[in-house]
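What follows is a short report on a single structure.
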């Protein structure tokens, strides 16, 4: 008796098997891509506020400064402004209403900032109630206009919690600009921070632009 040979799949069956395998691989690749993107978000962003965390913000600032320096080498001066924003009297919110309410107030302010800057501006959380913004290709005047608009927006949008708590919130802001105020990251931070401290000293709820005569 002759031994039967195994059946050989016809070309149509092979084709559909390959199509199914390709589809399976495509779905797996999409899932892997989504997981990688989610991991990158977790690494780069403040999960609570949806803005860059401090490490990622520092990297973004270094990258923008490097770009500006490369252009300067070609005699193309491109200003870059750094703004540091602090929520006024935030400790009082935590002390009076508790940290859960304070956390929601942070989200409230972070959301307003995030939704009222340009797509290519970079927003980060650099401290407890401190935010910072990188304004690429933006001189002092442009950064001041943007921050003053944010200040007014936040002042005009009180925070409401569970429909029962109504908290007016204001911010203070300090601005410094590359290369006029500093050509490196630390100097820009120092100048913007000094301007912020002057804003606090002058009564809060205001935007101050750094200049060499500023004193606390």
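Quick notes
- 0 to 90° range, to nearest 10: angle between helix 11-44 axis and the chain longest Cα axis: 20 degrees
- D (Stokes-Einstein, µm²/s), Kirkwood Cα radius, the stretch 58-163, 1.002 mPa s at 20 °C: 141 µm²/s
- Using a simple spin-label model with pseudo-atoms 7 Å out from Cα toward Cβ, residue 164 and residue 76 lie 5.8 nm apart.
- With each label modelled as a point 7 angstrom along the Cα→C-beta vector, the residue 137-residue 91 pair spans 4.2 nm.
- The stretch 116-186: proportion of alpha-carbon pairs further apart than 14 angstrom, %: 68 percent
- The chain: most fluctuating residue of 135, 57, 90 per GNM, C-alpha cutoff 10 Å: 90
- Degrees between helix 99-115 axis and first principal axis of the chain (Cα, 0 to 90, nearest 10): 80 degrees
- Rounded to two decimals, the Cα-based Rg/Rh of the chain, with Kirkwood Rh, is 1.28.
- The chain - mean residue ellipticity at 222 nm from DSSP helices (-39,500 (n - 2.57) per run, n ≥ 4, rounded to 500): -17500 deg cm²/dmol
- Contact order, relative form, for the chain: 20 percent (alpha carbon pairs under 8 Å, 6 or more residues apart, mean separation divided by residue count).
- Extended-chain gain in nm, criterion 0.36 nm per residue less alpha-carbon gap, residue 25 and residue 120: 30.8 nm
- Rounded to the nearest 10 degrees, the inclination of helix 185-201 to the longest alpha-carbon principal axis of the chain is 50 degrees.
Read-outs throughout are calculated quantities, based only on the coordinates presented, and are distinct from any laboratory measurement. As the structure is a prediction and not an experimental result, all values here were calculated from the model. Here Cβ is always computed from backbone atoms with ideal geometry, including for glycine, and neighbour counts include all displayed protein chains.
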